[in-house]
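The values are calculated or read from the model by the stated rules, or taken from the named source; none is laboratory data. From a predicted model like this one, the values you see are computed outputs, not experimental measurements. In this analysis, Cβ positions are derived from the backbone assuming ideal geometry, glycine residues included, and neighbour counts consider all displayed protein chains. These accessible areas exclude ligands, DNA and RNA; they are computed on the full protein's heavy atoms, side chains included. Shrake-Rupley method; radii C 1.70, N 1.55, O 1.52, S 1.80 Å.
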Amino acid sequence: SCARNEGPAALLRGADALVLRGSLLSMGHLAGYDGAKTWAKRRGVLSEGPVLHASASLAGALLAATLASPGDRVMTEYQTAADRRVSYRSAVHCARALAQTEGALAFWRGWWPLFLRIGPTFAGFGVGYEALRALAGLDAFGS
């Protein structure tokens, strides 16, 4: 096992990148959802309802995938380094090495699979969340 071969600290390898990735994913989802929903309602593009909620959720997924992809890539690269017989001092060292060897766009490799994975989930969440708010007698999010 990882802990037996590399020590207990190996179990936390990449945790900092994981926390950053999760924070950016959540931030992108909520900021994208609220921003897109507010924009569409103010401009009269869509009115309150499931189409608005699903569309705003997909915008949130777009922003979430864009913000989280770099953390995803660094986390994966860092956590699998030992398997590839590569050594990094930290996740920051890993990110610098990645940028130097593959360029800045390397941080967004895997963007499409991430978006395709979270897009439907986020769209369903937005519609379900707003429906539950309505059932509870609460105003729509961002109203």
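Please tell me if A97 is in contact (Cβ under 8 Å) with a residue 40 or more places away in the chain and part of a helix (DSSP H, G or I).
no
I'd like to check something: does segment 97-111 contain any residue that is touching a Cys at 6+ places or on another chain (Cβ under 9 Å), more than 29 Å from F141 (Cα to Cα) and exposed (fewer than 13 other Cβ atoms within 10 Å of the Cβ)?
The answer is no, given that none of the residues of segment 97-111 is touching a Cys at 6+ places or on another chain (Cβ under 9 Å), more than 29 Å from F141 (Cα to Cα) and exposed (fewer than 13 other Cβ atoms within 10 Å of the Cβ).
What is the number of the single condition among (1) exposed (fewer than 12 other Cβ atoms within 10 Å of the Cβ); (2) among the hydrophobic types (A, V, I, L, M, F, W, C); (3) modelled with pLDDT of 95 or more that L138 does not meet?
(3)
Identify, by number, the condition in (1) farther than 22 Å from D34 by Cα; (2) open to solvent by 30 Å² or more (accessible area, probe 1.4 Å); (3) within 18 Å of the chain's Cα centre (by Cα); (4) not hydroxyl-bearing (S, T, Y) that D83 doesn't meet.
(3)
Name the one entry in R13, R84 that is free of Cβ contacts under 8 Å to residues at least 24 places away in the same chain, basic (K, R) and farther than 16 Å from I118 by Cβ.
R84
I'm trying to understand the selection: among the residues of segment 29-73, which are charged (D, E, K, R) and either crowded, with 20+ Cβ neighbours inside 10 Å or outside any helix (DSSP H, G or I) (or both)?
Answer for segment 29-73, where residues must be charged (D, E, K, R) and either crowded, with 20+ Cβ neighbours inside 10 Å or outside any helix (DSSP H, G or I) (or both): K37, R43, E48, D72, R73.
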